[in-house]
Amino acid sequence: METPIETPIEPDDRVKAFGNQLVGVHLWLREELARLREDVDSRREGRTERPRELRAHCLTFCSALSRHHEGEDEGAFSLLAERFPDLRPVLDELRHDHQMVAGILRRLEELAGDADAGDPAGAERVRAELDGLSALLESHFVYEEKRIVEALNGLEVPAWRGSPPAFLITSPEEGRDG
């Protein structure tokens, strides 16, 4: 039987450093992508009696991933480049990945309705795009986590504490003001 590890928490401790939060967002995005792929597979194989609406699920995922990357590009990466100039080439590579991901997301948004309409070829095209996206994101997330998590953990940005920046939000409700 495993015993949970407990960490003492002092009021001023940074319980969740920004880099650790980024890893958590990446885990959530991986899980959501896996669920979306399962939904597409269920539709392709006719395994579901009442499948979720794939287009809505796809658009929700695409929106969350876009918000995450835009938040990194517009906020976190600029701040990291300013405070850690040695990271600029890494950040440029990550921005390039974001552009490639955005292209795949546009194609997915165009194709998602075909899978909902019961078009088997459409579902196959969606699955192929999701497979490509999954491979690209896995590589991107691993590289990003290896290269910038430590720097993010070293940042103190009071504004991010009160209202999480877009790249650290995992649900639409989280981004809304009270």
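The values are calculated or read from the model by the stated rules, or taken from the named source; none is laboratory data. Note that the coordinates shown come from a computational prediction; the quantities given were computed from them, not determined experimentally. Don't worry about glycine lacking a Cβ; one is built from the backbone with ideal geometry, like all the others, and counts go over all protein chains shown. Surface accessibility is based on the protein's heavy atoms, side chains included, excluding ligands, DNA and RNA. Shrake-Rupley method; radii C 1.70, N 1.55, O 1.52, S 1.80 Å.
Scanning region 91-117 for residues being without any contact (Cβ under 8 Å) to a residue 12 or more places away in the chain, open to solvent by 50 Å² or more (accessible area, probe 1.4 Å) and over 14 Å from GLU72 (Cβ atoms) gives a total of 3. Pull up region 118-143, narrow it to residues that are surrounded by 14 or more Cβ atoms within 10 Å (Cβ to Cβ) and in contact with a Lys or Arg (Cβ under 8 Å, 6 or more places away or on another chain), then point me to the one that is farthest from ALA64 (Cα to Cα). Ranking the candidates gives GLU124 first. Of all residues in region 1-52, none satisfies the criterion of being surrounded by fewer than 12 Cβ atoms within 10 Å (Cβ to Cβ), in a loop (DSSP other than H, G, I, E, B) and at pLDDT 75 or above. Restricting attention to region 53-66 and to residues that are in a helix (DSSP H, G or I) and over 15 Å from ARG30 (Cα atoms), the residue that is modelled with the highest pLDDT turns out to be LEU59. Within the set ALA76, ALA102, ALA112, ALA128, the sole residue that is out of contact with any strand residue (DSSP E or B) (no Cβ under 7 Å at 6 or more places or on another chain), farther than 21 Å from ALA34 by Cβ and of a type in the set (A, V, I, L, M) turns out to be ALA76.
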